[in-house]
């Protein structure tokens with residue numbers, strides 16, 4: 001039995017990046033050998049085991065043979081006669097196909113070290129086209145390493161484009177699309193994930209609502225960048241700078257979907273795009289089974305981001321209505337995420353990337369003043385139900401008026 005550190009941990013150490021979890025591949029062992037050493041087997045698809053002390057994953061060396069379309073269309077073979085080189089050959093990118101033995105010696109049959117030094121993302125073999133998830137993974141790695149100026153090898157981008165043309169990307173299951181998207185949203189440059197998918201044609205298949213935004217014009221007065229798709233990328237970039245919370249970034253990604261369905265005769269205006277955005281967002285979330293905490297924030301942002309931008313012009317009564325519509329009194333933490341997403345939208349415009357966003361300050365102060373008003377502090381004698389709510393509303397309006 002021989003054990004090797006593989007994949008991301010080796011890659012990140014060579015890059016000088018903070019290391020993630022160690023992954024290990026075991027050569028020359030059977031499942032029973034692992035169980036005899038008190039490893040615990042997990043997963044039904046192929047033999048993966050958890051170390052009895054560290055909990056790290058150890059996978060038996062394996063090969064894969066394509067038997068059908070999609071992520072599950074593979075026959076896997078894991079046995080003591082599978083070599084390390086055979087295991088590395090099934091991996092997606094050369095930078096992920098590097099191993100290290102217990103003495104620190106690098107095993108690099110696919111020149112991954114050279115590609116790290118050249119900042120190139122290159123497929124290991126033509127077998128790359130057999131798994132559609134690799135398109136998503138490649139786009140995610142492009143986003144993760146954008147700050148290091150990694151670029152795709154032309155032949156790799158061509159393979160990704162070919163996979164889209166051949167319909168392989170259509171076989172992706174919702175869970176994997178969401179899983180990879182969520183990881184991409186957590187990178188420094190999530191906008192690169194979207195750009196990469198668009199370059200190879202996969203965006204139109206996976207996120208057609210987002211893809212439709214590109215090439216759609218907006219009013220230059222408010223959007224000097226003109227193109228709605230370009231605006232979206234800029235907003236996503238700003239969201240990544242403002243917050244590490246992937247809920248904010250998802251809301252930024254989906255806040256303007258309705259602009260892709262604006263009737264041509266209305267362009268470059270987008271009247272009513274907010275409600276169209278909510279409808280399209282719900283369809284997207286249903287299709288990809290997006291968790292409720294992401295869906296709910298994104299809906300609030302899609303529906304009310306324009307109102308947030310107008311906060312400085314609002315009367316106190318309208319401000320309170322906005323706070324109520326956003327459920328800010330019951331969910332102040334989510335309201336803060338809403339403000340961050342709206343700020344990203346305001347700053348995601350050509351020449352406006354560094355501007356202040358006083359609307360958020362005003363709304364934070366208004367909420368702080370309003371929440372200090374309690375039902376116990378107001379006269380509700382003789383009132384019931386909706387009448388008490390109306391009296392509370394008016395008391396909150398008065399509170400924010402006094403704060404200026």
Exercise. Report the label-to-label distance for residue 165 and residue 378 in nanometres (one decimal), using points 7 Å from each Cα along the Cα→Cβ vector.
Key: 6.5
Quiz item: Between 331, 307, 212, which gets the highest mean-square fluctuation from a Gaussian network model of the chain, Cα cutoff 10 Å?
Solution: 331
Quiz item: How much of the calculated P(r) for segment 1-117 lies past 21 Å, in percent of all Cα pairs?
Solution: 39
Quiz item: Working out 0.36 nm times the residue gap between residue 292 and residue 126, then minus their Cα-Cα distance, what length gain in nm do you get to one decimal?
Solution: 55.9 nm
Self-check item: Length-normalised contact order of the chain in % [C-alpha pairs under 8 Å, at least 6 apart]
Solution: 10
Quiz item: Given a Förster radius of 22 Å and the C-beta distance between residue 148 and residue 114 as r, what FRET efficiency does 1/(1 + (r/R0)^6) yield to the nearest 0.05?
Solution: 0.90
Quiz item: What's the extension gain from residue 315 to residue 188 if we count 0.36 nm per residue and subtract their Cα-Cα distance?
Solution: 41.9 nm
Quiz item: Any idea how far the Cα center of segment 76-92 sits from the one of segment 197-275, in Å?
Solution: 42
Exercise. Along Cα→Cβ, 7 Å out, is where each label goes; now give me the distance between the ones at residue 330 and residue 175 in nm to one decimal.
Key: 3.2
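For 94, 125, which order do you get if you count the other beta carbons within 10 Å of each Cβ and list the fewest first?
With the fewest neighbours first, 94, 125 line up as 125, 94.
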Quiz item: Hey, with R₀ at 45 Å, roughly what FRET efficiency would residue 402 and residue 275 work out to, going by the Cβ-Cβ distance, to 0.05?
Solution: 0.85
Quiz prompt | Over segment 1-117, relative contact order from alpha-carbon pairs under 8 Å, at least 6 apart, % | solution = 26
Quiz item: Add -39500 (n - 2.57) for each DSSP H run of 4 or more in the chain, then divide by its residues: what number comes out at 222 nm, to the nearest 500 deg cm²/dmol?
Solution: -14500 deg cm²/dmol
Practice problem: Take the Cβ-Cβ distance between residue 36 and residue 85 as r, set R0 to 25 Å, and report the resulting FRET efficiency rounded to the nearest 0.05. | Solution: 0.45
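Values in this text are rule-based calculations from the coordinates and carry no lab data. Quick caveat: nothing in here was measured; it's all calculated off a predicted structure. Backbone-built Cβ (ideal geometry, glycine too); neighbour counts: all protein chains shown.
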